[in-house]
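Asker: Questions regarding the structure given below will be posed in turn.
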Amino acid sequence: RPPRSTLDRSSAASDVYKRQIQSCAIFKTAKKDMMVGDFNITILDTPYGDVPIVLKVTKSEDTYSSELVGEGQLDGVFQVDSTKVTDNSILVEADAMGTPMSLELTVNEDKISGTVMDFEIKGSRIVE
């Protein structure tokens with residue numbers, strides 16, 4: 001005679017349901033880090049006009065790093081020295097053609113804003 005659980009549909013269905021609930025609970029605890037991602041940012045009103053850059057923020061274990069990617073004449077111009085993240089703020093210490101600069105940024109969901117030197121920065125997350 002087969003085991004009782006194979007004869008009783010409600011018991012088998014209950015077991016499947018319990019496994020589904022447990023697997024969903026595992027995925028919900030893995031919270032997305034809102035500081036990680038790619039952002040289109042623009043440094044506004046510089047002597048060169050508005051300067052568009054892509055900020056790429058990554059995380060390995062507990063350490064954040066970033067890359068500033070310029071386009072056209074700005075390709076390869078930015079060298080990031082350090083990236084510090086606290087709460088919803090990112091501080092990127094970088095160098096652009098020998099000029100040190102500190103980007104102080106705040107992430108609010110998919111929007112990003114801040115300053116570098118005396119220039120305003122605005123942007124948004126690149127959603128794929």
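Asker: Work out the FRET efficiency for E93 and T46 from their Cβ-Cβ distance, taking R0 = 22 Å, and round it to the nearest 0.05. The partial results should precede the final answer.
Answerer: Values: r = 19 Å, r/R0 = 0.84.
Computed FRET efficiency for E93 and T46: 0.75.
Asker: Please identify the GluC sites (Glu not before Pro) of the stretch 61-91 that satisfy two criteria: DSSP loop assignment and at most 16 other Cβ atoms within 10 Å. Which are they? Spell out each step's value before the answer.
Answerer: Numbers: sites: E61, E67, E71; in loops: E61, E71.
Passing sites in the stretch 61-91 are E61, E71.
Asker: Same structure again: At 0.36 nm per residue, minus the direct Cα-Cα distance, what do M34 and K56 gain on full extension? Give it in nm, one decimal, please.
Answerer: Values: separation 22, 0.36 × 22 = 7.92 nm, distance 1.25 nm.
So the extension gain works out to 6.7 nm.
Asker: Work out how much length M101 to S113 would gain on full extension: take 0.36 nm times their residue separation and subtract the Cα-Cα distance, in nm to one decimal.
Answerer: Working: separation 12, 0.36 × 12 = 4.32 nm, distance 1.58 nm.
That works out to 2.7 nm of additional length.
Asker: Counting other Cβ atoms within 10 Å, keep those with at most 11, restrict to DSSP loop, and tell me which chymotrypsin sites (Phe, Trp or Tyr not before Pro) in the stretch 47-124 are left.
Answerer: On the way: sites: Y48, Y64, F78, F119; in loops: Y48.
Counting only loop positions with at most 11 other Cβ atoms within 10 Å, the chymotrypsin sites (Phe, Trp or Tyr not before Pro) in the stretch 47-124 are Y48.
Readers should treat all values here as calculations from the given coordinates under stated rules, not as data from a laboratory. Predicted model, so just to flag it, every value in this text is computed and none were measured. Backbone-built Cβ (ideal geometry, glycine too); neighbour counts: all protein chains shown.
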